[in-house]
Amino acid sequence: MTGKKVPPYLFIIVGGTGDLARRKLLPAICRLWEKNLSEFYLIGSGSGKKHDDQTYRDFVGHSLEEEGVDMSHIDSLDWLYYQSVGGGSLEEFKALADRVQQLEKKLNLPGNRVFYLAVPPSVFPNTIKNLGEVGLNKSGGEVKLVVEKPFGRDTQSAQGLNQLVHKYFNESQVYRIDHYLGKETVQNLLAFRFSNAMFESLWSRDRIERVEITVAETLGLEHRAGYYDKVGALRDMIQNHLTQLMTLVAMEVPTALEADAVRHEKVKVLRAVSPISASDVIRGQYTRGAVDGREVVGYCEEEGINCSDSRTETYAAVKLNISNWRWQGVPFVLRTGKRLFKEATEIAITFRRPPVSIFRQFSIKDIQPNKLIITLQPHEGFDLFFKVKEPGDSYKLSTQSLHFEYSERFGRLPDAYETLLLDVLKGDQTLFVRADEVESSWELYTPLLVPQNVSNGTVVTDHHEVYKYASGTWGPIEAERLLDGEKWCTI
Ligand code: BG6
């Protein structure tokens, strides 16, 4: 073929006019296009009939400008096409199938297709079924299915969705997205752990006292009430992003950096987690306050939230115990929240203190433990905190740090979606969630979830405490209970 790194593909984004496509996928696809790695074409497929190819190109052009994408290297958008799937009927998917075949013929493409489901989760089943029923899952080339999160809303629905997917696609064709896995620092965790023997030899219950994983957001609902109020922080963030980070921190050394070897080790971690007790989960909901000096409303006052019955958690903290030889007894505390004090995504590893203090003036409790903080957001890098003697006669210890920041050394990092989309084209599933992995992850949290009737949108009242916290703080004070008297580590 063309000598490019990946073979030609036809990309079909179902939900091609939606928010995800506009803000994340199309900018990432354009950056890939710019790199000239592959010859690819794209059909945007939306629910409205308002576009034709040209108006879709205009729409994408405006969206890219709004997102600040540098268009100077892209001569034209004539590789973009539009085909509506309207209300999602079989007839409309047949029309999509005709369009795909027609374009493959016209552009002389070998039948390699990527279907990206950038639609609300309620639409996944119908879309997958229709793609299969009209035969779009079969061609002379490679066909791939990319499914956004959330994949299911509990164990049962995730299993049901997997069964449906496997009716039409083999697991080797399926790419379940967790965009955290595409972040450069998350991938660097593997390099950090498995190419620095120094750290790996410290990486266990013998040397580590506890692990905290924090994803703190300053943003609130951002007009997503319809989705978020039925979901909450446990489902939206903990079950996927934070749990993925936990598996990467805790996994054993894979036999190779290959999709199944890595995912196998991650599943083993999930299966080793002890059942989570209800007292090890703290939920919170933000009230009015100030974030970055700006007054913001409380969750209940957000547009689209019915204050009288919404007990949805916008904050969740969970303490987990991984019951295996490496980690038994080391608490892994995961916490996330919206409208918190500052934006920060961090993995904080607290090492054990020295067994005794030889410095007479300090008791062992006074010696702060070494900490390694891996920062994913807003700056990607890490800090290693250690003790030094302050110069002078008396023995005074002070904490210093070694600091590394990606952007200072390497410049712009690729966006997570750029990395993940390229991996889809290359057929590398390492950074995607396998069927058994997503089910194992739901199995951990399903017993803690609030039963909800989604079909008619009514929320069944639960008995969990949802603590209020003021916007602009670090969340409910009750969460400190999970730290057994210690303080949260944040830079
Ligand atoms: C999404 C959640 O998956 O991740 C959002 O649905 C959240 O609620 C977002 O804001 C956070 O992603 P990032 O990359 O900004 O940390």
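The values are calculated or read from the model by the stated rules, or taken from the named source; none is laboratory data. If you're wondering where the values come from, they're calculated on a predicted model, not measured in any experiment. Here the Cβ is made from the backbone with ideal geometry for all residues, glycine too, and neighbour counts use every protein chain on show. Accessible surface is based on the protein model in full, side chains and every heavy atom, while ligands, DNA and RNA are left aside. Shrake-Rupley method; radii C 1.70, N 1.55, O 1.52, S 1.80 Å.
Farthest towards the positive end of the charge dipole of the chain, among the residues ALA272, THR312, GLN429, is the Cα of ALA272, using unit charges on the Cβ of Lys, Arg, Asp and Glu. Protection proxy ranking, highest mean first, for peptides 57-65, 177-185, 401-409: 177-185, 57-65, 401-409, where packing is the per-residue count of other beta-carbon atoms within 10 Å, averaged. Averaging 1/r over every pair of different alpha carbons in the chain and inverting the result gives a Kirkwood radius of 24.4 Å.
Placing unit charges on the Cβ atoms only, positive for Lys and Arg and negative for Asp and Glu, gives segment 1-153 a dipole magnitude near 560 debye about its Cα centre. Evaluating kT/(6 pi eta Rh) at 37 °C and 0.692 mPa s, with the Kirkwood radius of segment 169-255 over Cα pairs in the Stokes-Einstein relation, gives 210 µm² s⁻¹. The trypsin sites (Lys or Arg not before Pro) found in segment 185-217 that occupy coil by DSSP, while having at most 15 further C-beta atoms within 10 Å, are ARG205, ARG207. Could you let me know the centre-to-centre spacing of segment 129-178 and segment 261-291, using Cα atoms, in angstrom? Between the Cα centres of segment 129-178 and segment 261-291 lies a distance of 25 Å. With a cut-off of 9 Å between beta carbons, the residues surrounding PRO414 carry a summed charge of -1, where Lys and Arg count +1 and Asp and Glu -1.
When peptides 104-117, 290-303, 385-398 are sorted by average Cβ neighbour count within 10 Å, with the highest value leading, the order is 104-117, 290-303, 385-398. In the complete set of protein chains, residue-level accessible area for LEU131 is approximately 0 Å², probe 1.4 angstrom.
Restricting the calculation to Cα atoms, every distinct pair contributes to the Kirkwood radius of segment 54-157, found to be 15.8 Å. Per-residue surface analysis assigns ASP52 an accessible area of about 80 Å², computed on protein heavy atoms at 1.4 Å probe radius. Averaging Cα coordinates gives a centre for segment 21-47 and one for segment 219-248; these two points are 26 Å apart. Quick one: Debye curve from the C-alpha atoms of segment 177-320, no solvent, what's log10 I(q)/I(0) at q = 0.14 Å⁻¹? One equal scatterer on each Cα of segment 177-320 leads to -0.81.
For the pair segment 305-356 / segment 470-491, the C-alpha centres are spaced 9 Å from each other. The value of relative contact order for segment 337-491, using C-alpha pairs under 8 Å at least six residues apart, is 20 percent. Summing Cβ point charges (Lys, Arg +1; Asp, Glu -1) relative to the Cα centre of segment 18-82 gives a dipole of roughly 300 debye. Per-residue ellipticity at 222 nm from helix content only, as computed over the chain with -39500 (n - 2.57) for each DSSP H run of at least four residues, stands at -8000 deg cm²/dmol.
For segment 336-382, applying the loop criterion from DSSP together with a ceiling of 14 other beta carbons within 10 Å to the GluC sites (Glu not before Pro) yields GLU343.
On full extension, the segment bounded by ASN36 and ARG294 gains 88.6 nm, given 0.36 nm per residue less the C-alpha separation. Across segment 425-432, computed HN-Hα scalar couplings (Karplus, 6.51 cos²θ - 1.76 cosθ + 1.60, θ = phi - 60°) run 4, 7, x, 9, 8, 4, 9, 10 Hz from first to last residue, x flagging Gly and Pro.
Name the shape class, rounded, prolate or oblate, that the alpha-carbon gyration tensor gives for segment 347-455, where a ≥ b ≥ c are the square roots of its eigenvalues, rounded holds for a/c under 1.5, and otherwise prolate holds if a/b is larger than b/c and oblate otherwise. Taking the square roots of the gyration eigenvalues as a ≥ b ≥ c, segment 347-455 is oblate.
Can you pull the semi-axes for segment 280-394, root of five times each eigenvalue of the Cα gyration tensor, sorted largest first, whole Å?
38, 20, 14
Evaluating kT/(6 pi eta Rh) at 25 °C and 0.890 mPa s, with the Kirkwood radius of segment 1-95 over Cα pairs in the Stokes-Einstein relation, gives 177 µm² s⁻¹.
Top to bottom by accessible area (1.4 Å), largest first, where do CYS307, CYS30 land? Working shown, then result.
Numbers: CYS307 75, CYS30 0 Å².
I get CYS307, CYS30, largest accessible area first.
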